[in-house]
Structure formats: C-alpha cells, structure tokens
Amino acid sequence: MKRYSFSDMNRLSGEILETALSEPVALTKYGKERLVIIPADRYRSLTGRLPQTAFTLEDAPDTVHAELMEGLDSILADEPRNA
C-alpha cells in the first residue's frame with residue numbers, strides 16, 4: 001500500500017487518486033496512518049453494501065416483481081415469509 005502525507009494531497013491529488021483506483025492508498029498525518037482510500041466497489045464488498053436500484057412495478061425485472069408479489073401475498077395472508 002502506498003503512503004502519502006496529508007500535505008502530499010495538496011500537491012499530488014491526481015496521482016494519489018489515480019493510484020487509489022488500483023490499490024489502497026494510506027494518508028498519513030505526523031507519520032501515522034489516518035485515512036485509507038479505496039475504490040467504491042471494494043468498500044461495498046467490505047461492508048456488504050451493494051448499490052441499490054429502484055424500480056416501479058411496470059419496469060421491475062420479473063424476479064424482483066415475483067419477489068415483491070410473493071411478499072405482498074404473504075402480508076395479505078398474514079403468513080410469515082420464508083427467508
């Protein structure tokens with residue numbers, strides 16, 4: 001992992017951000033790591049957060065529509081849904 005100081009960020013921001021697209025980059029202050037820059041997709045994989053997509057009933061893919069309708073049917077029938 002490459003390391004840059006906070007003051008480097010002022011002078012080399014383009015290089016630092018370009019590097020962070022391919023590998024983690026540590027930002028240091030007074031010689032101690034304070035921040036790590038990683039690509040957004042890597043962050044999401046680490047936190048388990050995936051990009052969210054919203055649909056209307058009309059444009060939802062069949063799998064999403066079927067899951068939604070199954071959930072609604074379960075609520076209307078007052079039955080617990082299998083997870």
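Here are the numbers:
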quantity	calculated
DSSP bridge orientation in the stretch 2-46 - percent antiparallel, rounded to nearest 5	55 percent
Residue among A20, F6, P39 farthest towards the positive dipole end of the stretch 2-46, charges placed on Cβ	F6
10 Å Cβ shell holding at most 12 others, DSSP loop, chymotrypsin sites (Phe, Trp or Tyr not before Pro): longest site-free stretch of the chain	1-29
Within the chain, helix-based [θ] at 222 nm, where runs of 4 or more DSSP H residues each add -39,500 (n - 2.57), nearest 500	-14500 deg cm²/dmol
Residue-count net charge about E15 - beta-carbon cut-off 11 Å; Lys, Arg +1, Asp, Glu -1	0
Rel. contact order, % - alpha carbon contacts under 8 angstrom, at least six apart, the stretch 2-46	35 percent
Charge dipole (debye, nearest 20) of the chain; +1 at Cβ of Lys and Arg, -1 at Cβ of Asp and Glu	1120 debye
Calculated percent of Cα pairs over 19 Å apart (choose from [x] 61; [y] 56; [z] 25), label	[x]
The chain: DSSP helices with Cα axial extent of at least 18 Å and average Kyte-Doolittle hydropathy no lower than 0.0	62-76
DSSP loop trypsin sites (Lys or Arg not before Pro) with at most 13 other Cβ within 10 Å excluded, longest remaining stretch of the chain	1-48
Scaled radius of gyration (Cα, divided by 2.2 N^0.38 Å) that the stretch 2-46 gives	1.12
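The numbers here are math on the coordinates, done by the rules we state, and not lab data. Please read these numbers as outputs of a predicted model, since none were measured by experiment. Using ideal geometry, Cβ is built from the backbone for each residue, glycine included, and neighbour counts are taken over all protein chains shown.
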